1. Under a crude label model (7 Å from the Cα following the beta-carbon direction), how far is B:Arg345 from B:Arg163 in nanometres?
2. Pull up all non-local amide H partners of B:Ile395: gap of 5 or more, or a different chain, and H-to-H distance under 5 Å with H placed in the peptide plane.
3. How tilted is helix A:363-389 with respect to the longest principal axis of chain A? Cα atoms for both, answer in degrees (0 to 90, nearest 10).
4. Of A:Gln224, A:Gln252, A:Gln126, which has the largest mean-square fluctuation in a 10 Å C-alpha GNM of chain A?
5. Run through the stretch B:157-243 and list the trypsin sites (Lys or Arg not before Pro) located in a DSSP loop whose Cβ has at most 13 other Cβ atoms within 10 Å.
6. Going by average Cβ density within 10 Å per residue, which order do the peptides B:347-354, B:324-331 take, highest to lowest?
7. Would you mind ranking B:Trp142, B:Trp232, A:Trp203, B:Trp10 by Cβ crowding within 10 Å, fewest neighbours first?
8. Can you give the mean number of other chain Cβ atoms that lie within 10 Å of the Cβ atoms in peptide B:391-401?
Amino acid sequence: MLEIKPIINTLMRSKAGALLLILQIAITLAIVSNALSIVSSRIDKLTEDTGYDEQGIIAFTVLTYNRNIDRAKQFKEDMITLKEIDGVKEAMTVSSIPLSSSGGSWTVSNHPDELQGKRVDSGYIQANHRIVNAFGLTISEGRDFEPQDETEGSQDQFPSVTIVSRAVANKLFGEGKGLNEFIYSGDNMMKIVGIVETMKSQWPDSKMGDNVVLIPIERSSMYQRVIVKAEPSKRAQVIKLIEPTLLENERQRVIMGVKGLDTAKAQTYQRDTLMIRMLMALIVFLAIITALGIFGLTHFNISKRTKQIGTRRALGARKSAIFRYFIVENTLVTLFGVAVGSVAAIYMGGQLMALYSIPALDWSIVLYTSLVMLVMSVLSVYQPARRAANISPSIATRSI
Amino acid sequence: MLVHYLDLAWRNIKLTPLISCLMVVAIGIGIGVTMTSLSVYHMMSSDPIPQKSSQLHAVQLQTMDEGQTWNTSDDVPTQLTYQDAKFLMENSPLTHRVAMMKSGAAVHLDSPDSVPFIEDVRITGRSFFSMFDLSFLHGGAWSEMQSEQAAPVAVIGEALAQRLFQRTDVLGESIYLDERKYEVIGVTAAWQPAIKFYDVNNGPFQRAEQLFIPFSHIEAYELHSWGNTNSWKNEEIRGREQFLQSEMVWLQFWVQIDSENALKNYQQFLLDYMAQQQKLGRFNRKQLAYNIKPVNEWLEYNHVIDPDNKILVGLSFMFLAVCLANILGMLLAKFLKRAPDAGVRRALGASKKQIFFQHLVEVALLGLLGCLVGILLAQVGLVGIRETMSVYVGIAKMDWTMLLLSPIIAISACLLAGLFPAWVVCKTSPATHLKVQ
C-alpha cells in the first residue's frame, strides 16, 4: 500500500540527496533539542518565585558624601518624606538589595564553634522590624519581628532574634526543623523566630541563592541602600519623584540607580536573557533553513524524475499515488534523520552537561522536537508533491 | 580565464535568481549567526594588551591557613591583604609594581550648580600609567613625594575632563571627590582595554576607570573598596586600624617583569617575605605558595570566557554545517539542471578540470555574496547583544580580524559544499546531454 520497498530502492539509487537531508535533519534535531533544553531551564530560572513583591518594590542607593551629616537622623527624616509621596506604602533603609548581585554575606553555623557544627554560607539583610512586610514576604512558620527585637546602630547591641529562609534552616537543622533554634556567626548568637518558605538572596544564581538571614538592626552608612514599597500602579510615578524629593531634603549626596526590583532582577539575569535570545534566534533560523532545504531537495528530486513520474502516470498510477509517494519518501527520510538526530542530540546533551554543567537533556524535548520536525517536513514537501502529482502522463511519451 | 569564469558565474546566478537567492540567504544566515558568536568569543579571548601581556604579571599570595579553600583552581585568593600589598608596594626589587583597588566617589565642582555624579575611582601607584600603557594628553602622574604625603592630586581621563570642564587642558583645576578637594595634575587619553584584565573582580567587561588617585589615600582618607572584600578567617575587627591589619583580601597587585632573572629574584623575594611573616604567626602552612601569572594566563585562571559563549560558538558552527548541507543540495540541483550546458562546453573542447573550476568559481562567488549578507546580519546580531547585555558594549563588536575572517569562512565553506556537485557535473560525459538537444 505505502510502496515502501520501491521507495527505498529508489533512494538507494541516488543516495546523495537523501543523505544530505538526513544529515541536515539530524544536526538540526541535535541543535534544536539541546538549545530548547537550555532555553527552558533558563526560563524556569527567570520565572522562579523569589518571594518578593517584585512589582511593588523600588530600590536605590544613597551616597552621602558629606561626612558631617548626621546620617541616622537624615534617613529618618527621608523615610517620613518618602512615605508622604502618593502611592508609597513603606520606605526603609536596608543593608543590601535582594536579587541585585551585590551585598553582604557571612557563614552561619548551628554550633558556637563553627568548626564543630554544620555551616552554611548565606546572604544577610539588615533592616528594621517591618522588613518582612515591606519585602512582601510570607512567614510560613513562627512569627514576624516585633519592635522590641530591633536594635539600632553599633555592633555592641546585636539583635538576638532572626528570621531565615527555609533553605538556611533546613541546611543547619534538617528538613522542616529550625524554628526556635539558635544560629551562630563569630561572636553573635541569634534565635530563629520565623522561617520564610521562599526568599532568594542577593545572588539568586549562586550556591547561596536560597540562603538569606534577616537581621533586625537599622544602620545608616555612607553608602546606604533604601527600599520603597509602592502600589504597583503608581510605581513608575514614584520612581520619578524619589531623587528630587530626597535631594530637596539634603543636597550633599547622590541618589543612584533608582529602579524597580524586577528591573534589578532582570539585570542580574542579563546573561540568561542574552542566552535565551541568541538560542531562540538560532532555533528560528534553523527551522527556516531546514524547511527550505527539504523543500528545495524535493523540488530537485521531482524535476529529475519528471519522466519517471510521467511513465508511472501513463501506466495507470493515480495522482494521489504520486502525491503519496513523495510524502512517504520524505517521511521515511525524515524518520531516519530523526532517529540519527535523537542519538546525536542525547550524545551532545551529555557532552554539554559534562563540559559546561548544563542541566541534563530531557527525552521529552527530543521527542517533541522530532514530532515538530516531522510535521514541518510534511508541510514543506506538500507543495512540491502536489506539483509532481500534476505532471501529465504525456511527458513520458515525449523526447525518448 | 578567471574573469571569464566570473562572468559565466554571474550569468548563471542571474539565470536562476530564486535558487541563487535562496543559497545566498542560506550562506548569509549561516555566516551571520557564526560571526556573531565568534566575534564575541574572539573579543573575550583576545589579548587585552598584546604589546605587554607577557611582561605584566598579577601577584597572588597564599595567605590562608592550611586546609582553607578558595574558589580558584589552586585555592589561592586572587587578591591581597592590605598589609601584604603595602609591603610589596614599598619594598620591591622591581621598579614597576603597583597595588590598587577600585573605589568610587561623588564627583563635583565647587559651584552651586554642579550636580554631583558617581564615578569609579582607581586608587593606585604612580607606576600604573606606564605599566598599563596609558598616555597623557597633559601633565603626568603624581611624584613619589606627593604619594608619600598623600597629596590631594588626581589624574583624570579625557572624557571626564570634557564632562566636567568641556575641555581637556584642565591642569591645576580643582575637582571634588565626595567632600575632598583635589588638584588635577594629569589628563590621560581615552583608555579602554577590551577586557578589564587588571581587576576582574566585578566582571571582566566593566568599563575602565578614568579617575586615578594615589594609593596612600586609602589610609589617609579612610577610603573603602567598591570591589570585593573577602575574608576567610573569623576576626574581631573594631575600627579602621584593625581592618587594615586584618586578613581580609581586597587589593590587586601587578608587577612588570622584563627578564627571566628578574622573575627568579622576585620569586625569591616573595618567599623570603612569606617566611619572615611566618615567624610572626601568619601564613600557617606547610608549603608556602604564591602565583605570578602573566596577563593571558591570569585571564584563563579567572575564567573570563563565559561558558555560555563557548556553547553558542559550538552551536553556531553546527548551524553553519546545516546551512552547508542545504547549499550542497541546492547546488546539486542547480548544476545538474544545467548539465547540458556543461555537455556542450565539453564537446567544444573544455576539459573536465576547466568545467570543475568554472563551477567552483561560481560557488565562491555565491559564498562572497552570502558573506556580505552575513556580515550585515552579524552587525544586527551584535547590536542585539549590546542592547541585551550592557556590559558587553566593549566586546560585542566585529574587529578587522573577524571582518576579514568572514569571507574566508564563507568562501571556504561554500567551496567545500561545492566540491561534490562540481565533480558530479564535470564527470558527466558530453554525449548524454548532446543527444537530447
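Any read-out appearing in this document is the output of simple, stated calculations on the displayed coordinates, not a laboratory observation. On a predicted model such as this, the values are computed, not experimentally measured, just so you know. Don't worry about glycine lacking a Cβ; one is built from the backbone with ideal geometry, like all the others, and counts go over all protein chains shown.
1. Here the answer is 6.1 nm between the modelled labels.
2. Here the answer is none, since no amide H 5 or more places off falls under 5 Å of that of B:Ile395.
3. Rounded to the nearest ten degrees, it is 40.
4. Among A:Gln224, A:Gln252, A:Gln126, the largest GNM mean-square fluctuation belongs to A:Gln252.
5. Here the trypsin sites (Lys or Arg not before Pro) that fit, given the DSSP loop and packing criteria, are B:Arg167, B:Arg207, B:Lys233, B:Arg238.
6. Per-residue mean Cβ counts within 10 Å order the peptides as B:324-331, B:347-354.
7. If I rank by nearby Cβ atoms, fewest first, I get B:Trp10, B:Trp232, A:Trp203, B:Trp142.
8. Mean inter-chain Cβ contacts per residue within 10 Å come to 1.
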